[in-house]
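Readers should treat all values here as calculations from the given coordinates under stated rules, not as data from a laboratory. Just so you know, these numbers come straight off a predicted model, no measurement behind them. Virtual Cβ from ideal backbone geometry, glycine too; neighbours counted across all protein chains shown.
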Amino acid sequence: MMRQYELVERVKSYDPGADEDALNRAYVFSMKAHGSQLRASGDPYFSHPVEVAGILSGMKLDGASIITGLLHDTVEDTVATLKDVREMFGDEIARLVDGVTKLSQIELQSDKSRQAENFRKLVLAMSEDIRVLLVKLADRLHNMRTLDYVKDEEKRKRIARETMEIYAPLAERIGIRDWKDELEDRAFRELNGDAHASVTKRLDFLRSRGGDLVGQVIAELHRTLAESGLKADVSGREKTPYSIWRKMQKKNIGFEQLSDIMAFRIAVDTVEDCYRALGVIHASYRVVPGRFKDYVSIAKPNGYRSIHTGVIGPQNQRIEIQIRTREMHEVAEYGVAAHWRYKQAGAATTEGKQYRWLRQLLEILEHASEPEEFLEHTKLEMFSDQVFCFSPKGDLYALPQGATPVDFAYAVHSEVGNTCVGAKVNGRIMPLRTQLRNGDQVDIITSKAQTPSPTWESFVATGKARACIRRFVRSQQRSQYVTLGREIVAKTFRQEGYELTEKALKGVLKNFDCGEVDDLYAVVGEGQHTGREVLWAVFPGARKDRQPKVVPLTRARNRLGKDMAVPIRGLIAGMAVHFAGCCHPLPGDRIVGIVVTGKGVTIHTIDCETLEGFAEMPERWLDVSWDVDDETGAMHVGRIHVVVANEPGSLAAISTVIGRDGGNISNLKIIHRSIDFFEILIDVEVTDLKQMTNIMAALRATRVVNSVERARS
Ligand code: MN
């Protein structure tokens with residue numbers, strides 16, 4: 001185990017400005033916090049954070065990273081709290097330690113391979129600061145080095161799988177190839193010990209026969225190219241056991257056929273030189289058929305460019321050779337991020353958004369003189385537009401930023417969304433409109449009796465949730481129209497003394513452009529056609545003279561009690577007319593009249609639920625319509641149901657909008673109130689439906705308004 005002074009000396013050697021006092025305090029704090037805890041290896045637990053700090057110092061990381069390495073397990077595994085860390089080491093260290101602690105907590109949740117990409121994104125999104133990720137990777141590297149001591153095989157396998165699927169690829173992405181190779185190789189050994197052993201054995205054998213083959217091949221390739229006047233860099237290395245094994249798997253070949261356990265790269269200045277080098281290699285050595293691929297003239301979709309070939313090369317070895325320009329080499333090594341170094345036209349096209357943070361990192365690396373300078377405030381912005389949340393089973397879902405439990409429910413399954421009544425976030429019941437955060441565990445509570453609420457549409461963030469809610473609301477409306485239409489048609493037939501059969505209706509579906517009987521009911525329910533039109537279609541001989549006499553402009557009293565002209569056709573002269581208080585019909589609405597004994601006629605909108613109460617009394621129904629020529633300018637009261645955010649100024653905003661469009665609020669009643677919003681019924685005096693529609697559209701466009709609907713009961 002590295003001694004305290006050794007670690008401090010090492011950090012000071014490359015970072016003279018490091019806070020020696022803080023390093024010393026962190027060493028002691030960690031030692032005391034871990035106390036007599038032991039590792040599975042039997043070593044004192046404290047040796048682990050010291051080793052992690054050692055690995056980080058090997059990367060010449062700044063003092064804060066080293067201190068975080070020393071403290072990284074104190075909050076998770078000892079009685080020390082984040083508050084203690086903050087008091088002793090300040091906000092920055094506390095933030096870093098907290099970040100690593102949070103990452104450690106998510107690793108226990110699930111090991112499903114198909115979610116690996118989401119896990120990698122979650123780790124990146126939660127890291128926020130590149131140093132959090134670096135400490136986590138160093139932590140994982142040391143845990144992999146001591147993995148053999150873990151007795152529980154299941155646990156070993158899980159850690160190895162996680163390393164293979166999440167941490168090794170992340171190390172690769174941030175360009176730490178050595179860590180990536182070691183993580184991958186150790187995980188490979190745990191997950192497939194037999195394969196690892198046989199590949200390693202074979203490599204040892206080849207090595208024992210050939211000596212420093214890699215070095216000899218490099219030298220000869222270099223000489224061959226130089227003789228042809230090509231200025232080229234040649235590099236090469238033995239492939240790792242894991243990459244060799246993976247190639248065997250992928251190509252379904254045995255070790256004997258596996259020729260190229262060494263890979264060589266030739267980097268030249270220009271594209272023409274790539275092809276000249278290729279010519280020289282092919283002229284000098286025997287080509288292995290089927291290995292040639294030209295990704296220079298046509299790049300791989302991820303932007304990778306290189307010429308690949310295989311030859312029986314120097315020392316009679318089958319080798320793989322990649323030829324590319326130095327720029328292409330950078331791209332291959334550092335990903336698309338390297339384009340930043342070559343600000344040439346066209347390069348930007350392959351530059352994905354997800355590489356932006358990496359590019360910035362490289363940029364800082366390039367220009368910073370001190371290690372701290374580049375690490376300080378290097379935020380990982382990757383996936384900042386997404387949140388990653390777990391189901392109780394540990395399944396991981398990627399959702400857009402701003403997503404709510406309703407989005408989560410629909411992401412799980414549309415049925416879960418449709419029956420969602422509430423949600424627990426991290427074990428606590430939370431409102432459905434709560435915005436989820438990275439790593440939240442979301443438990444959706446469902447009830448068979450629940451149906452989606454149209455108000456959800458105002459806060460969901462995913463297209464899937466929105467589409468499902470809309471589809472549901474539409475189908476609800478349709479089923480209401482079908483029910484109403486069925487009653488209207490049945491009533492009309494009964495009233496006129498004709499028999500109504502499904503078969504008869506099927507015969508006239510085409511007349512109404514309908515495919516099914518329910519469609520026909522729906523168009524009648526919606527008011528596009530009347531029950532009588534259906535009757536006349538089925539029985540063309542039915543009498544058409546039974547419509548009530550049309551008497552426009554009947555004098556009557558309206559709801560407000562004012563004497564006024566009622567612009568309605570279809571009434572019998574002298575009848576008293578009321579506008580129903582349940583549905584508040586407006587000129588423009590489709591309406592029906594119901595004869596009320598002793599009161600005259602009450603006008604309802606055709607979709608008013610009250611009408612169901614008169615279903616069995618066809619004699620009371622009157623076909624009426626608005627007088628389209630009405631010029632009395634009379635005001636009518638319409639009632640709307642508004643859901644509005646519960647915040648200062650909301651009501652004022654609503655009344656302003658209504659007034660601006662010429663409406664006059666005659667009554668207002670709050671019917672429900674929650675922390676988030678309240679529901680209000682507003683009576684608005686308008687001249688007709690058109691004006692009301694304008695007002696409702698204006699309200700919908702108002703920020704504080706969630707939804708607006710005509711009140712129907
Ligand atoms: Mn640890």
Checklist entry - Stretched out fully, how many nm does the piece from Arg223 to Phe292 gain, at 0.36 nm a residue minus the Cα gap? => result 22.6 nm
Checklist outcome for this item: Between Lys201 and Glu6, Cβ-based FRET efficiency (R0 41 Å, step 0.05) works out to 0.65
Item to check | FRET efficiency, 1/(1 + (r/R0)^6) with R0 56 Å, evaluated for Asp98 and Arg620 via beta carbons | outcome: 0.20
Next on the checklist: Just to confirm the filter: which trypsin sites (Lys or Arg not before Pro) across the stretch 389-475 are DSSP coil and have at most 15 other Cβ within 10 angstrom of their Cβ?
Outcome noted: Lys393, Arg437, Lys448
Item to check | Loop sites in the stretch 1-34: GluC sites (Glu not before Pro), DSSP, at most 10 other Cβ within 10 Å | outcome: none
Checklist entry - Counting other C-beta atoms within 10 Å, which of Ile298, Ile445, Ile469 has the fewest, and how do the rest follow? => result Ile298, Ile445, Ile469
Item to check | Within the stretch 1-110, trypsin sites (Lys or Arg not before Pro) in DSSP loop having at most 10 other beta-carbon neighbours inside 10 Å | outcome: Arg3
Next on the checklist: Taking 8 Å as the Cα distance limit and 6 or more residues as the minimum spacing, I'd like the relative contact order of the stretch 437-529 as a percentage.
Outcome noted: 30 percent
Checklist entry - Amide H neighbours of Gly236 under 5 Å, counting only residues 5+ apart in sequence or on other chains, H built in-plane at 1.01 Å? => result Arg265
Checklist outcome for this item: With x for Gly and Pro, the residue-by-residue ³J(HN,Hα) of the stretch 87-92, computed from phi through the Karplus equation 6.51 cos²θ - 1.76 cosθ + 1.60 at θ = phi - 60° and given in whole Hz, is 5, 8, 10, x, 5, 4
Checklist entry - Which whole-Hz couplings ³J(HN,Hα) result when phi for each residue of the stretch 73-86 is put into the Karplus expression 6.51 cos²θ - 1.76 cosθ + 1.60, θ = phi - 60°, listed in order with x for Gly and Pro? => result 9, 5, 6, 6, 10, 10, 6, 4, 10, 4, 5, 4, 4, 5
Item to check | Distance (nanometres) between label positions extended 7 Å along Cα→Cβ at Glu238 and Ser284 | outcome: 2.4 nm
Next on the checklist: On a full-extension model of 0.36 nm per residue, what is the gain between Asp148 and Gln216, subtracting their alpha-carbon distance, rounded to one decimal in nm?
Outcome noted: 20.9 nm
Checklist entry - Going by the alpha-carbon gyration tensor, a ≥ b ≥ c the square roots of its eigenvalues, is the stretch 4-195 rounded (a/c under 1.5) or, if a/c is not under 1.5, prolate (a/b greater than b/c) versus oblate? => result prolate
